[in-house]
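Readers should treat all values here as calculations from the given coordinates under stated rules, not as data from a laboratory. On a predicted model such as this, the values are computed, not experimentally measured, just so you know. Cβ placement follows ideal geometry from the backbone for every residue including glycine, while neighbour counts extend to all protein chains displayed.
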Amino acid sequence: MSNLYDADLHMHTTASDGGYTPTELIKKCHDVGLTYVSITDHDTVQGVKEAIEEGKKLGIHVIPGIELSTYARRTSIHILGYGLNINHRVLLETLEDQRKQREERMSLIIERLSQVGVTLHAEDVLKYVDGGSIGRPHIARALLEKGYVQSVSEAFDRFLAIGKPCYVPKRREMTPEEAVELIHNSGGVAVIAHPIYYELDDYLESFIVEMGVDGVEVYHRDHDENATAHYEHWTTMLEEKYQIRLLRTGGSDFHHEAYGRQLVPLGEKRVANELAEELIAAIARR
Ligand code: AMP
Ligand code: FE
Ligand code: FE
Ligand code: ZN
């Protein structure tokens, strides 16, 4: 096991709301010296194959990944899946259903926007979409381009976030339990993404134990020193309390330098190679 910090297990491409194609992103990973990476697009594995192929050319180990959007306890909970079989039939059917639901939701959000005097057309949004998952960030970028907001964050704060006037849920949001089952059934390991976002540690504790969740994203760009220490401690506490083993993962959640929740360049948030190696070993055991 090495003690290098050249891993990043959480990032997005144009298959969902990232700004670079899988090939471009893996090239960027190479430029900043990453050696273990995972593409974790929202509700799609469309970018994985291309990323793996580019990784082979550049000597980067690309772990197949996904970030599933789920809804519980009045909030959006993201579940990361690693090492899944990206050709699994039920997985692909479920993701296709999610893709359609995201398309429907886009139209409903555009309708809501028109009710508050904001005119947007489907084409304004779709020009940012690459055939994969349509997300609110694409709508936010259209609002930015049309001058309705000054930033993607402002679009969320004023219109798109949960509780704001133009928020619309998907017709049927996946539950965290369904997400873990889907990941397990397609041969992957399931990890709770950026737990600091939810403030639901007690719920997550029983969820981890009951569903056999495999790990926690302890290291994330939005986990400050306190949050990181908290989740390191929490993960160890759960292992001891329930006599289970949990993976620790982490990453940058990189989308693009110019948009995303934070405008941190790729390569600034890195995690230990050891975590990636343990993740790969856990995938191999499944
Ligand atoms: P969706 O997939 O449509 O549910 O959109 C969720 C995505 O929107 C997240 O993964 C983030 O990339 C992005 N997002 C959420 N909140 C914000 C925010 N306040 N500012 C910028 N991007 C955000
Ligand atoms: Fe995103
Ligand atoms: Fe997320
Ligand atoms: Zn993400």
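Overview of results
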| quantity | calculated |
| --- | --- |
| Above-threshold pairs, the threshold being 25 Å between Cα atoms, out of 56/100; 28/146; 28/127; 127/170 | 56/100; 28/146 |
| Neighbour-count ranking [beta-carbon atoms within 10 angstrom, fewest first] of 45, 168 | 168, 45 |
| Net lengthening on full extension, residue 119/residue 258 (0.36 nm per residue, minus Cα-Cα) | 47.7 nm |
| FRET E, pair residue 210, residue 31, Förster distance 45 Å, beta-carbon r, rounded to 0.05 | 0.60 |
| For the chain: relative contact order, % (alpha-carbon pairs under 8 angstrom, 6 or more apart) | 24 |
| Rough spin-label spacing in nm, given labels placed 7 Å along Cα→Cβ, for residue 151 and residue 75 | 2.2 |
| Region 133-208: relative contact order in percent, alpha carbon pairs under 8 Å with at least 6 residues between | 13 |
| Cα principal axis extents for region 201-256, largest first, Å | 38, 21, 18 |
| Coil-residue GluC sites (Glu not before Pro) of region 95-133, DSSP, other Cβ within 10 Å capped at 16 | none |
| Two-site FRET efficiency, residue 127 against residue 85, from Cβ-Cβ distance with R₀ of 35 Å, rounded to 0.05 | 0.60 |
| Rounded FRET efficiency, nearest 0.05, which uses the C-beta distance separating residue 164 from residue 185 and R0 of 35 Å | 0.50 |
| Whole-Å semi-axes of the chain's equivalent ellipsoid (Cα gyration tensor) | 29, 22, 18 |
